[in-house]
Amino acid sequence: MSDSSRNLDDLSSFLKSCEGADSKQRIKFYNSWAETYEQDHIAMGYRVPHQAVAFLLENFSGRPEEVQVLDVACGTGLVANLMVELGFKHFVGVDGSQGMLDQAAKTGLYKELKLALLGTEPLPAQTGFFDVVMIIGALRDGFVPFGVIRELCLAAKPGGYVCMSRNGRESESGNQYKVSLEKELLLMEEEGLWSHVITKEIDRYMIDVYDDSDHVQSERYIHGTMYLYRKALQ
Ligand SMILES: C[S@@+](CC[C@H](N)C(=O)[O-])C[C@H]1O[C@@H](n2cnc3c(N)ncnc32)[C@H](O)[C@@H]1O
């Protein structure tokens, strides 16, 4: 039976149990979390899928019903669930956790769902096909390595969009990930692979459940960044 009564303290202990995990251990952790992932993320103030879809729409002018979306690290399907309400219809999802993919399958929204541990296995997606590639909640240290963004760009069609969110606590490894990711984004722009559309800082990415200090809840948020890039036409 799923636990529907986890509060922030419970979640803090639960998340700390996978601190420092390698990618295989992290996927096991997500397999065990899949059933209560959505309700726990509501408790953690996780509104990133909403923020990301709004961010995309502010900067995108295609006809949603014609758009092919690749949802990378799709989890249980929160992003596709929101996009469907706005008229998007065609989704392919990829995730490293079979448990999360099983939940995503229950939405009935995805044409295909593929299992892949990114960074270790190649992104299982058709090259040059997708109008929009989303990767939300998974670009951070210990999750999807920043080098995978080249594969996201490859999967986009010429002129297609790649919409990314990055988050992480202020820590040496979190900051290092941000620096490396942003260096790679810039390098790809200099290589002519894509152009920068817009970057937006997000103040309240989600509640920092790791923070045990006496801060009131409103001060305990992790910050993040949204990035939107457009693949070169040739
Ligand atoms: C915080 S969840 C985000 C899920 C969804 N995009 C959302 O916003 O609700 C992170 C997801 O990334 C997946 N993930 C983490 N590391 C991964 C990796 N190296 N390869 C593939 N998936 C990974 C996890 O299985 C999990 O579903």
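The values are calculated or read from the model by the stated rules, or taken from the named source; none is laboratory data. Note that the structure is predicted; figures quoted are calculated from it, not measured. All Cβ positions, glycine included, derive from the backbone under ideal geometry; neighbour counts span all protein chains shown.
Being within 11 Å of the ligand (Cβ to nearest atom), of a type in the set (Ser, Thr, Tyr) and part of a helix (DSSP H, G or I) is the filter here, so list the residues in the stretch 33-77 that pass it.
Residue satisfying the conditions is TYR37 alone.
Return the residues of the stretch 89-131 that are in contact (Cβ under 8 Å) with a residue 40 or more places away in the chain and either of a type in the set (Ser, Thr, Tyr) or away from the ligand (no atom under 14 Å from the Cβ) (or both); say none if nothing qualifies.
SER97, THR120, PHE129, PHE130, ASP131 - these are the residues of the stretch 89-131 that are in contact (Cβ under 8 Å) with a residue 40 or more places away in the chain and either of a type in the set (Ser, Thr, Tyr) or away from the ligand (no atom under 14 Å from the Cβ) (or both).
For the stretch 189-211, which residues satisfy the criterion of being modelled with pLDDT of 85 or more and either among the aromatic types (Phe, Trp, Tyr) or closer than 11 Å to ARG230 by Cα (or both)?
Residues satisfying the conditions are GLU189, GLY192, LEU193, TRP194, SER195, HIS196, VAL197, ILE198.
Pull up the stretch 78-96, narrow it to residues that are of a type outside the set (Phe, Trp, Tyr) and part of a strand (DSSP E or B), then point me to the one that is farthest from TYR110 (Cα to Cα). First the steps, then the outcome.
Filtering the stretch 78-96 for residues of a type outside the set (Phe, Trp, Tyr) gives 78-87, 89-90, 92-96.
Adding the requirement that they be part of a strand (DSSP E or B) leaves 90, 92-95.
Values: HIS90: 7, VAL92: 5, GLY93: 6, VAL94: 10, ASP95: 12 Å.
Top of the filtered list is ASP95.
For the stretch 138-156, which positions are of a type in the set (Phe, Trp, Tyr) and at pLDDT 95 or above? It would help to see each step written out before you state the result.
As a first pass, look at the stretch 138-156 and keep what is of a type in the set (Phe, Trp, Tyr): 143, 146.
Once the filter is applied, which keeps residues that are of a type in the set (Phe, Trp, Tyr) and at pLDDT 95 or above, the stretch 138-156 yields only PHE146.
Let me confirm something: among ASN7, ASN81, ASN59, which residue is of a type outside the set (Gly, Ala, Ser) and touching a residue at least 60 places away in the same chain (Cβ under 8 Å)? Steps first, please.
On the way: ASN7 fails: touching a residue at least 60 places away in the same chain (Cβ under 8 Å); ASN81 fails: touching a residue at least 60 places away in the same chain (Cβ under 8 Å).
Only one candidate qualifies: ASN59.
So which of GLY77, GLY62, GLY87 ends up being modelled with pLDDT of 90 or more and touching an Asp or Glu at 6+ places or on another chain (Cβ under 7 Å)?
GLY87
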